[in-house]
Amino acid sequence: MSDTTAKPPALPRASRPRRYSVFAIAREAMRLHSGWQRAWASPEPRRRYKIVIVGAGGHGLATAYYLGRNHGVTDIAVLEKGWLGGGNTGRNTTIIRSNYLQDPSAAIYDKSLSLYETLSQDLNYNVMFSPRGLIMLAQTEHEVRGYKRTAHANHLQGVSTEWIEPERVKKLVPIINLAGPRYPVLGGLYQQRGGTARHDAVAWGYARACSAMGMHIIEKCEVTGIESAGGQVTQVNTTRGDIGCEKLVLVAAGHSTVLADMAGFRLPIESVALQALVSEPIKPCMDVVVMANTVHGYMSQSDKGEMVIGGGTDGSINYTQRGSWHHIEETVRALVETFPMISRLKMLRQWGGIVDMTGDRSPIMSGTPVGNIFVNCGWGTGGFKAIPGSGWAMAELVAKGEPGPLAADFGLGRFREGRFIDESVAAGVAH
Ligand SMILES: Cc1cc2nc3c(=O)[nH]c(=O)nc-3n(C[C@H](O)[C@H](O)[C@H](O)COP(=O)(O)OP(=O)(O)OC[C@H]3O[C@@H](n4cnc5c(N)ncnc54)[C@H](O)[C@@H]3O)c2cc1C
């Protein structure tokens, strides 16, 4: 495994960004905030880079960051067709947890959670990580058995989770209705280290750190073609000209198959809309994240006071970034059973993102049939929590050409060989 203590390579003094600190805030307050620098540069694309990463979402940016931080590679461009973090990274409901069932999943999600715990310090950027605790409610006997099994598996994996009885659930979440009309709460799988972080800040913090290492983040730059010769990619065609590279990394979530088509191979991914909504802001009433998978909904309260609500994916393959009415209705109906007080709330905003689903609901971090193309996708409905861990593992794969222990089981070969990592229960709705 890579050296966890490696520091980013030093930049020339003039191009080093000023550190954010309490002293910096005081200094800027004294001079009417006239001295803040842009958080990341906006350079013109060069004609060639060692590594080109497609997609400036959390996973693309984290891959770039750990390539620089852990492996000393900084000749990198991250190409983004829209704006940085404007894909699923800026659209998700920010739930972070590592209570997965299978060993390879527990390893990468727990690595990610550990990195989140110190990410603000590492990036010198406040990602507002809030380990407020997370409960997955058991509302059927089947779920009771399933979550108890997960708690035992997590215990063996060294991941801290516990099974809790209904009385403890009520103590942690006073607004909950334990005696739901359809499904009473029978207990829950509790992960005290789980929680949330500010999604934009995660993207912005990584972008700032990448830019500080001299990497180019190029927004409004859509990849429209991929050219290969002799089984190796030579350059990408973009809306801002052709860009050559030695290695190409595709990190485009719901658009991964579109890019794979350009490169001439297929990915076992389906793209569907997943949507979320927030209420008007109210006073603090719930300081835990709660997921109710049987009734199909989950909820947390943002720092602004909005209740952040999500449900399941749309039933058909699409690229709409919108979502549909029947899901909003289904999700709200489900949550009203569990939290009757939300029936009096006004909903403020609704949005959707296009998530990349694999058959076993586990991600793909892999080489491809084109020798120097790598893919990182398939995080589906639950990849926000994985951003630091995935970036770490992907950087190792791209730098060395071979996966390290965290990525080894997530290669494309598993679909050919039938070595699935079945997380359909953990990832079906619970993000
Ligand atoms: C409503 C919703 C709720 C969610 N809730 C959670 C949650 O609570 N917890 C959790 O862990 N996960 C959650 N997720 C999933 C999570 O958001 C994603 O798994 C994660 O953000 C994926 O990050 P990414 O960097 O791979 O993709 P993205 O952030 O989507 O980034 C991919 C980028 O690639 C760019 N791109 C695509 N094609 C091209 C091209 N041709 N050229 C250049 N750029 C291109 C896109 O514009 C995009 O910015 C949720 C998702 C949604 C939609």
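Since every read-out is calculated from the coordinates, none of them should be taken as a lab result. Given the structure is predicted, the values throughout are model-derived calculations rather than measurements. Don't worry about glycine lacking a Cβ; one is built from the backbone with ideal geometry, like all the others, and counts go over all protein chains shown.
Taking the convex hull of the Cα atoms, report for segment 46-135 its projected area averaged over all directions, in nm².
7.4
Convex hull over the alpha-carbon atoms of segment 276-340: what's its volume per residue in Å³?
95
So for each of 294-306, 372-384, 158-170 I average, over its residues, the number of other beta carbons within 10 Å; can you give me the resulting order with the highest mean first?
372-384, 294-306, 158-170
Which of the lysines could a cross-linker span from Lys148 if the Cα-Cα distance has to be under 24 Å and same-chain partners fewer than 8 positions apart are dropped?
Result set, ordered by chain and number: Lys111, Lys170, Lys171, Lys385.
How much mean residue ellipticity at 222 nm does the chain get from its helices, if each DSSP H run of length 4 or more adds -39500 (n - 2.57) and you divide by all residues, to the nearest 500 deg cm²/dmol?
-8500 deg cm²/dmol
What number do you get for segment 48-97 when its Cα radius of gyration is normalised by 2.2 N^0.38 Å, N = residues?
1.24
Could you estimate the translational diffusion coefficient of the chain from the Stokes-Einstein equation, with Rh from the Kirkwood formula over C-alpha pairs, at 25 °C and 0.890 mPa s, in whole µm²/s?
111
Whole number please: convex hull volume per residue of the Cα set in segment 308-362, in Å³?
107
Assign one of three labels to segment 98-159, namely rounded, prolate or oblate, based on the Cα gyration tensor with a ≥ b ≥ c the square roots of its eigenvalues; rounded applies when a/c is under 1.5, prolate when it is not and a/b is larger than b/c, and oblate otherwise.
oblate
Ordered by packing density, taken as the mean number of other Cβ atoms within 10 Å over each peptide's residues, highest first, how do 273-279, 260-266 rank?
273-279, 260-266
Ranked by Cβ crowding within 10 angstrom, fewest neighbours first, how are Lys220, Lys346, Lys171 ordered?
If I rank by nearby Cβ atoms, fewest first, I get Lys346, Lys171, Lys220.
Please report the net charge: other residues with Cβ closer than 11 Å to the Cβ of Ile282, K and R +1, D and E -1.
It works out to a net charge of +2.
Of Phe23, Ala138, Ile96, whose Cα points farthest to the positive end of the dipole of the chain (charges on the beta-carbon: +1 Lys, Arg; -1 Asp, Glu; origin at the Cα centre)?
Of the options given, the answer is Phe23.
Amide H to amide H under 5 Å from Leu134: which residues, 5+ apart in sequence or cross-chain, H placed 1.01 Å off N in plane?
Excluding prolines and chain starts, which carry no amide H, the hits are Gln191, Gln192, Gly194, Val289.
Tell me, what is the Rg over Rh of segment 172-266, with Rh the Kirkwood radius over Cα pairs?
Dividing the radius of gyration by the Kirkwood radius yields 1.24.
Once phi is turned into ³J(HN,Hα) by the Karplus curve 6.51 cos²θ - 1.76 cosθ + 1.60 with θ = phi - 60°, what whole-Hz value does each residue of segment 273-285 show in order, with x for glycine and proline?
Couplings: 7, 10, 10, 8, 8, 10, 8, 4, x, 10, 5, x, 9 Hz.
What does the highest-first list of 180-190, 196-206 look like by mean Cβ count within 10 Å?
Top to bottom by mean Cβ count within 10 Å: 196-206, 180-190.
If you average the sequence gap of Cα pairs under 8 Å that are 6 or more apart and divide by the length of the chain, what percent do you get for the contact order?
22
Hey, what do the phi angles of segment 167-181 turn into as Karplus ³J(HN,Hα) couplings, whole Hz, using 6.51/-1.76/1.60 and θ = phi - 60°, x for Gly and Pro?
4, 5, 4, 4, 5, 6, 10, x, 7, 7, 9, 5, 9, x, x
With the convex hull built on the Cα atoms of segment 283-431, state its orientation-averaged projected area in nm².
Convex hull of Cα atoms, orientation-averaged projection: 10.7 nm².
Quick query: amide H of Glu306 versus all other amide H atoms, modeled in the peptide plane; which residues come in under 5 Å with a sequence gap of 5 or more or a different chain?
Here the answer is Ile282, since their amide H atoms fall under 5 Å of that of Glu306.
Going by amide H atoms built from the backbone, whose H comes under 5 Å of the H on Ile96, apart from near neighbours?
Gly195, Thr196
Residues with beta-carbon under 11 Å from that of Glu246, excluding Glu246: net charge, scoring Lys, Arg +1 and Asp, Glu -1?
+2
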